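**Q** Submitted below is the structure of interest, expressed as structure tokens.
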There are 2 protein chains.
Amino acid sequence: MQVGVLGTGDVGGRLASKLVSLGHEVKMGSRTAQNAKAAEWTKANGPKASAGTFADAAKFGEVVFNCTAGSVSLEALKLAGAKNLAGKVLVDVANPLDFSKGMPPTLTVCNTDSLGEQIQRAFPDARVVKALNTMGNELMVNPGLVPGEHDTFVCGNDPQAKAKVVEMLRAFGWKSPIDLGDITAARGLEMVLPVWVRLMVTLKTRNFNFKIAR
Amino acid sequence: MQVGVLGTGDVGGRLASKLVSLGHEVKMGSRTAQNAKAAEWTKANGPKASAGTFADAAKFGEVVFNCTAGSVSLEALKLAGAKNLAGKVLVDVANPLDFSKGMPPTLTVCNTDSLGEQIQRAFPDARVVKALNTMGNELMVNPGLVPGEHDTFVCGNDPQAKAKVVEMLRAFGWKSPIDLGDITAARGLEMVLPVWVRLMVTLKTRNFNFKIAR
């Protein structure tokens with residue numbers, strides 16, 4: 001499958017490399033077609049890896065991952081282009097973290113709205129699925145980094161888009177992603193970030209995850 | 001030990017009964033000394049159970065549990081009285097949930113502040129410990145309701161107060177409460193409520209809990 005990955009940071013690189021290793025063709029998108037990190041990633045990941053602008057990557061992908069920083073995601077997706085995202089499964093991995101006042105970050109949106117909802121409203125023809133935002137990027141593509149069973153979540157308005165994302169998560173190693181319903185569940189998923197950050201500080205590791213014991 | 005429990009709802013009743021069953025003397029506090037639910041609870045729980053006003057319960061307790069609805073906690077604690085709370089361990093179990101716009105609830109405070117912090121600021125001489133707010137009341141006093149291992153958390157500014165609360169949580173059956181640091185961690189602990197509510201709807205049960213897999 002052709003997959004677009006928007007963002008050249010740790011999250012984008014991690015997901016893009018995993019997707020290539022699973023046999024997908026992946027185009028990494030950034031603000032400019034000549035991004036140094038994207039070029040480096042392309043060189044390291046062989047012939048199935050390519051790079052371009054946000055618009056190039058969005059056009060290329062049947063599924064598109066938003067791995068840009070949450071504070072600039074809406075702007076990046078605008079550059080990707082509504083028509084390039086129309087009908088596409090748009091996996092929103094981003095968190096609306098505001099680091100401008102230092103650590104710990106606060107959220108730029110929460111409680112009565114969420115980044116996932118903002119994206120779905122701004123791009124009504126995209127099929128937004130919130131996923132993987134509740135953990136460090138190392139774990140997203142390698143659940144075995146944390147022993148035992150633990151959970152990942154999806155939410156979104158389009159059942160088929162969610163099924164597609166669940167299938168991809170299974171390929172990453174996640175056995176039973178929990179479907180929390182429509183995109184408004186992104187509020188809850190994004191609002192776990194403050195306790196995630198606090199746990200990271202307390203446990204002195206990023207290799208932990210939420211398990212819903214039941 | 002003498003314990004004050006503020007609030008006559010499900011949470012207050014559950015905690016107060018458990019505390020009596022563990023041998024503590026418990027005074028349940030409410031707005032008026034003649035509260036029908038408090039009277040019923042007293043009758044059902046024997047000679048170690050008593051009831052009174054918020055102020056009576058706060059004065060009585062060496063440890064005081066805030067089990068009032070989060071939206072009225074500050075007001076209830078004002079009735080309890082700063083001087084009756086001074087020096088006391090004040091266990092804040094409440095969540096700042098706003099049901100006024102229907103389900104799902106939103107939070108009356110979050111992101112850059114929390115109910116736990118508001119209480120600590122309003123009652124600087126109380127030793128506030130946020131605890132048990134991340135689960136249904138049935139589970140608070142009976143972790144075995146959910147199979148396997150799962151977690152409970154504490155945070156607060158006073159290490160000795162936290163140690164006291166951890167000791168009480170152990171008596172409830174919680175093996176290893178996670179200490180998340182000072183009272184500002186209440187933001188994260190309260191902000192998990194939206195995903196908790198969503199999980200309750202999705203899983204069709206209140207008998208689940210967060211485990212931090214690591």
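**Q** Taking A:Ala58 as meeting all but one of (1) outside any helix (DSSP H, G or I); (2) farther than 21 Å from A:Leu193 by Cα, write down the number of the exception.
**A** Evaluating A:Ala58 over (1) outside any helix (DSSP H, G or I); (2) farther than 21 Å from A:Leu193 by Cα leaves (1) as the failure.
**Q** Within the stretch A:186-207, track down each residue that is without any contact (Cβ under 8 Å) to a residue 60 or more places away in the chain and farther than 20 Å from B:Arg214 by Cα.
**A** The answer is A:Gly188, and nothing else.
**Q** Could you grab me the full set of residues in the stretch A:170-197 that are in contact with a Pro (Cβ under 9 Å, 6 or more places away or on another chain), in a helix (DSSP H, G or I) and surrounded by fewer than 22 Cβ atoms within 10 Å (Cβ to Cβ)?
**A** A:Arg170, A:Phe172, A:Thr184, A:Val197
**Q** With aromatic (Phe, Trp, Tyr), within 8 Å of another protein chain (Cβ to nearest Cβ) and in contact (Cβ under 8 Å) with a residue 60 or more places away in the chain as the only criterion, which of A:Phe172, A:Phe210 stands out?
**A** Step by step, each of A:Phe172, A:Phe210 is checked, and only A:Phe210 is aromatic (Phe, Trp, Tyr), within 8 Å of another protein chain (Cβ to nearest Cβ) and in contact (Cβ under 8 Å) with a residue 60 or more places away in the chain.
**Q** Tally up the residues in the stretch A:64-87 that are in contact with a helix residue (DSSP H, G or I) (Cβ under 7 Å, 6 or more places away or on another chain) and either touching a residue at least 60 places away in the same chain (Cβ under 8 Å) or within 25 Å of A:Leu199 (Cβ to Cβ) (or both), please.
**A** 10
**Q** Residue check, B:Val129 against (1) closer than 19 Å to B:Arg14 by Cα; (2) touching a residue at least 60 places away in the same chain (Cβ under 8 Å); (3) in a strand (DSSP E or B), all met but one. Which one?
**A** Only one criterion in (1) closer than 19 Å to B:Arg14 by Cα; (2) touching a residue at least 60 places away in the same chain (Cβ under 8 Å); (3) in a strand (DSSP E or B) is unmet by B:Val129, namely (2).
**Q** Another question, then. Would you check if B:Gly46 is within 14 Å of chain A (Cβ to nearest Cβ), over 27 Å from B:Thr184 (Cα atoms) and out of contact with any strand residue (DSSP E or B) (no Cβ under 8 Å at 6 or more places or on another chain)?
**A** No.
**Q** Here is a further query. Quick one: in the stretch A:80-106, of everything that is within 13 Å of chain B (Cβ to nearest Cβ) and either buried (at least 22 other Cβ atoms within 10 Å of the Cβ) or on the phi > 0 side of the Ramachandran plot (or both), which residue is modelled with the lowest pLDDT?
**A** By that ranking, first place goes to A:Gly102.
**Q** Any residue at all in the stretch B:159-172 that is aliphatic (A, V, I, L, M) and touching a Lys or Arg at 6+ places or on another chain (Cβ under 6 Å)?
**A** Among the residues of the stretch B:159-172, at least one is aliphatic (A, V, I, L, M) and touching a Lys or Arg at 6+ places or on another chain (Cβ under 6 Å), which makes the answer yes.
**Q** Take the conditions over 20 Å from A:Leu115 (Cα atoms), touching a residue at least 40 places away in the same chain (Cβ under 8 Å) and either touching a His at 6+ places or on another chain (Cβ under 7 Å) or aliphatic (A, V, I, L, M) (or both) and apply them to A:Ala57. Does it pass?
**A** Taking the combined requirement at face value, the residue satisfies it.
**Q** Are any residues in the stretch A:175-205 of a type in the set (Gly, Ala, Ser) and either facing chain B (nearest Cβ under 7 Å) or under 16 Å from the mean Cα position of the chain (by Cα) (or both), and if so, which ones? Show your work before the answer.
**A** Our first condition is that a residue be of a type in the set (Gly, Ala, Ser); within the stretch A:175-205, this holds for A:176, A:181, A:185-186, A:188.
The answer is A:Gly181, A:Ala185, A:Ala186, A:Gly188.
**Q** So, in the stretch A:122-153, exactly how many residues are in contact with a Gly (Cβ under 7 Å, 6 or more places away or on another chain) and at the interface with chain B (Cβ under 10 Å from one of its Cβ atoms)?
**A** 1
**Q** Sticking with this structure for a sec: Among the residues of the stretch B:147-165, which ones are crowded, with 16+ Cβ neighbours inside 10 Å, over 21 Å from B:Pro124 (Cα atoms) and over 13 Å from the mean Cα position of the chain (by Cα)? Talk me through it step by step, then tell me what you get.
**A** Taking the stretch B:147-165 first, the residues crowded, with 16+ Cβ neighbours inside 10 Å are B:150-158, B:161-162, B:164-165.
After this cut, where a residue has to be over 21 Å from B:Pro124 (Cα atoms) as well, the list is B:150-153.
Residues satisfying the conditions are B:His150, B:Asp151.
**Q** Within the stretch B:94-126, take every residue that is part of a loop (DSSP other than H, G, I, E, B) and under 14 Å from the mean Cα position of the chain (by Cα) and give me the one that is nearest to B:Arg170 (Cα to Cα).
**A** B:Ala94
**Q** Let me ask something else. Name the residues in the stretch A:12-51 that are in a helix (DSSP H, G or I) and surrounded by 24 or more Cβ atoms within 10 Å (Cβ to Cβ), would you?
**A** A:Gly12, A:Leu15, A:Ala16, A:Leu19, A:Ala38
**Q** Name the pairs whose Cβ atoms lie under 7 Å apart, with the first residue in the stretch A:141-159 and more than 22 Å from A:Ala185 (Cα to Cα), the second among the polar types (S, T, N, Q), and 6 or more positions between them or separate chains?
**A** These pairs meet every condition: A:Leu145/A:Asn207; A:Val146/A:Asn207; A:Val146/A:Asn209.
**Q** Read through the list (1) surrounded by 17 or more Cβ atoms within 10 Å (Cβ to Cβ); (2) among the polar types (S, T, N, Q); (3) not in a helix (DSSP H, G or I), then give the number of the only condition that A:Thr205 fails.
**A** A:Thr205 satisfies all of (1) surrounded by 17 or more Cβ atoms within 10 Å (Cβ to Cβ); (2) among the polar types (S, T, N, Q); (3) not in a helix (DSSP H, G or I) except (1).
The values are calculated or read from the model by the stated rules, or taken from the named source; none is laboratory data. Owing to the predicted nature of the structure, the values given are computational and were not obtained by experimental measurement. In this analysis, Cβ positions are derived from the backbone assuming ideal geometry, glycine residues included, and neighbour counts consider all displayed protein chains.
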